[in-house]
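The values are calculated or read from the model by the stated rules, or taken from the named source; none is laboratory data. Model, not experiment: these values are computed from the prediction. Don't worry about glycine lacking a Cβ; one is built from the backbone with ideal geometry, like all the others, and counts go over all protein chains shown. Just so you know, the surface numbers come from the protein's heavy atoms only, side chains and all, with ligands and any DNA or RNA stripped out. Shrake-Rupley method; radii C 1.70, N 1.55, O 1.52, S 1.80 Å.
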Amino acid sequence: MSVAQRLEELGIELPPPPPPVGMYRAALRSGNWLMVSGQLPMRDGELVNPGHIAGEDDIAAGQEAARVATLNALAAVQAIHGSLDGLRVVRLVGYVASTPEFAAHPAVVNGASQLLLDLFGEDAGLGTRLALGAAALPLGAAVEIDLILEDMEAAA
């Protein structure tokens, strides 16, 4: 099943690729690698669940923000690759704007990991991962996600 079919099966529509909010490319191909700049949880021009993650009650909102940011990252990939098929997630980095005492950053980034697993399957959707806390993120976002993917078809 293609990734586009999985998206449809899950009732998820990939958004248009988000425009950069600074001086960078949203995504770049280098050989077999597709690298995505940090993506924010923007939907229809608005941040989803902005602000700091402060406690256990905020984890679900953070996971939703991570999911939306990941969809934006995938839209950027599709814009330069043409589809999401034949790709493997190599690295996921999630930054979580949080209060100093919050330590469940991995639980928040699970929102991104679960989406990638659902779309690409276990072999291609689970790569390496880093979940970090941050004092602040661009535009007041709660989460920022960046990805590195490998084009397995080009690598063959």
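The table for this structure:
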| read-out | value |
| --- | --- |
| Among Gly62, Gly140, Gly82: highest mean-square fluctuation, GNM of the chain, C-alpha pairs under 10 Å | Gly82 |
| Rounded to the nearest 10 Å², the accessible area of Arg129 at probe 1.4 Å | 80 Å² |
| Electrostatic dipole magnitude of segment 58-139 [Cβ: Lys, Arg +1; Asp, Glu -1; Cα centre; debye, to 20] | 220 debye |
| Per residue accessible area in Å² of segment 1-98, where ligands, DNA and RNA are left out and the probe is 1.4 Å | 51 Å² |
| Cβ charges +1 (Lys, Arg) and -1 (Asp, Glu), total dipole of segment 94-156, debye | 320 debye |
| Exposure of Ser2 as accessible area (Å², to 10), given a probe of 1.4 Å and all protein chains | 30 Å² |
| Under Karplus coefficients 6.51, -1.76 and 1.60, residue-wise ³J(HN,Hα) of segment 141-146 in Hz, glycine/proline x | 5, 7, 9, 9, 10, 10 |
| Three-way shape call for segment 97-156 based on the alpha-carbon gyration tensor, with the a/c threshold at 1.5 | prolate |
| DSSP beta bridge pairing in the chain, given as percent antiparallel to the nearest 5 | 70 percent |
| Relative contact order (%) - segment 1-125, alpha-carbon pairs under 8 angstrom, separation at least six | 29 percent |
| With eigenvalues of the C-alpha gyration tensor scaled by 5 and rooted, the chain, Å | 25, 16, 15 |
| Segment 60-127 - percent of accessible surface contributed by carbon and sulfur, probe 1.4 Å | 49 percent |
